[in-house]
Amino acid sequence: QLQLIGALNPCQKPTNLVVSGLTSTTATVNWVNNSVSILSQEYELRTNTNVGTATGRVSFGSVSNAEEQVDLTALTPDTQYYFYIKTSCDDDFNSPWAMINFKTLCGAVDIPYVMTMASSSVVPSCVSVQDVNNDGRTWTASSKPSSSGFVDANVMKYNMHATNEANDWFFTQGLNLV
């Protein structure tokens with residue numbers, strides 16, 4: 001026998017959160033409302049997961065009960081964000097927070113351009129690598145070779161193969177040429 005004491009929360013959290021229209025400075029978040037008696041919906045955009053606190057909160061707001069979309073603007077390129085949303089319903093019920101995370105794309109930078117290599121083992125986040133010939137030998141982050149003339153301690157390095165074509169590439173983020 002199961003006995004429930006107290007009221008069940010009729011205010012369900014939004015589901016099916018999806019990020020679309022992602023650029024270096026914008027994103028759109030859509031969701032599905034699951035509650036019947038929604039009064040409003042509150043959201044927070046954060047750079048950390050400490051929902052409900054001021055630290056890491058980029059923006060916050062509310063949308064009407066019928067809306068299932070928020071357009072986010074003025075975002076910072078190459079940044080990890082966490083979008084939280086909850087519903088407020090009749091009788092002072094609130095849903096738990098629903099969350100989706102996303103990372104904005106890298107933006108174009110002005111020249112002269114300097115690629116900073118913070119690690120000898122991790123390719124920078126705005127660099128993409130393609131191993132076109134699928135031979136497993138491709139561009140990697142590495143410590144600079146001794147007496148190489150490089151100023152920085154870390155470099156992008158290609159480990160060539162004596163007989164395989166070097167059909168491998170690394171691409172930086174976009175560059176503004178004007």
Heavy-atom accessible area of Trp169 with all protein chains present, probe 1.4 Å, nearest 10 Å²? 130
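Per residue, what volume in Å³ does the convex hull of the Cα atoms of the stretch 114-168 enclose?
Numbers: hull volume 5.2 nm³, N = 55.
Given the Cα convex hull of the stretch 114-168, per-residue volume reads 94 Å³.
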Can you compute the charge dipole magnitude of the chain about its Cα centre, using +1 on each Lys and Arg Cβ and -1 on each Asp and Glu Cβ, nothing else charged? Give it in debye, rounded to the nearest 20. 440
Given (1) 44, 31, 26; (2) 73, 49, 27; (3) 47, 38, 38 as candidate values of Cα extents along the principal axes in Å, which corresponds to the one derived from the coordinates? (2)
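With every protein chain present, what is the per residue accessible area of the chain (1.4 Å probe, Å²)? Could the numbers behind the result be given before it?
On the way: 11070 Å² over 178 residues.
Counting only protein heavy atoms, the per-residue value for the chain is 62 Å².
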Pull up the cross-link candidates among the lysines for Lys103, meaning alpha carbon to alpha carbon under 28 Å and not fewer than 8 places away within one chain. Lys13, Lys86, Lys157
Roughly how much of Phe60 is accessible, in Å² to the nearest 10, using a 1.4 Å probe? 140
Round to the nearest 10 and report in Å² the accessible area of Met115, as given by a 1.4 Å probe over the protein chains' heavy atoms. 40
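Keeping all protein chains in place and using 1.4 angstrom, which order do Cys106, Cys89 fall into by accessible surface area, from largest down? If you can, show how the numbers build up before the last one.
Numbers: Cys106 45, Cys89 5 Å².
Solvent-accessible surface, decreasing: Cys106, Cys89.
What's the carbon and sulfur percent of the chain's accessible surface, probe 1.4 angstrom, rounded to a whole number?
Numbers: 5780 of 11070 Å².
The value for the chain is 52 percent carbon and sulfur by accessible area.
For the peptides 74-80, 160-166, 61-67, 38-44, what is the packing order when you average, over each peptide's residues, the other Cβ atoms within 10 Å and list the highest mean first? Mind dumping the intermediate values first?
Details: 74-80: 14.0, 160-166: 9.7, 61-67: 11.9, 38-44: 18.7.
With the highest mean Cβ count within 10 Å placed first, the list reads 38-44, 74-80, 61-67, 160-166.
The values are calculated or read from the model by the stated rules, or taken from the named source; none is laboratory data. This structure is a prediction, so every number in the text was calculated from the model and none was measured. Cβ coordinates were reconstructed from backbone atoms using ideal geometry, including for glycine residues, and neighbour counts include every protein chain displayed. Side chains are part of the model used for accessible areas, which takes the heavy atoms of the whole protein and leaves out ligands, DNA and RNA. Shrake-Rupley method; radii C 1.70, N 1.55, O 1.52, S 1.80 Å.
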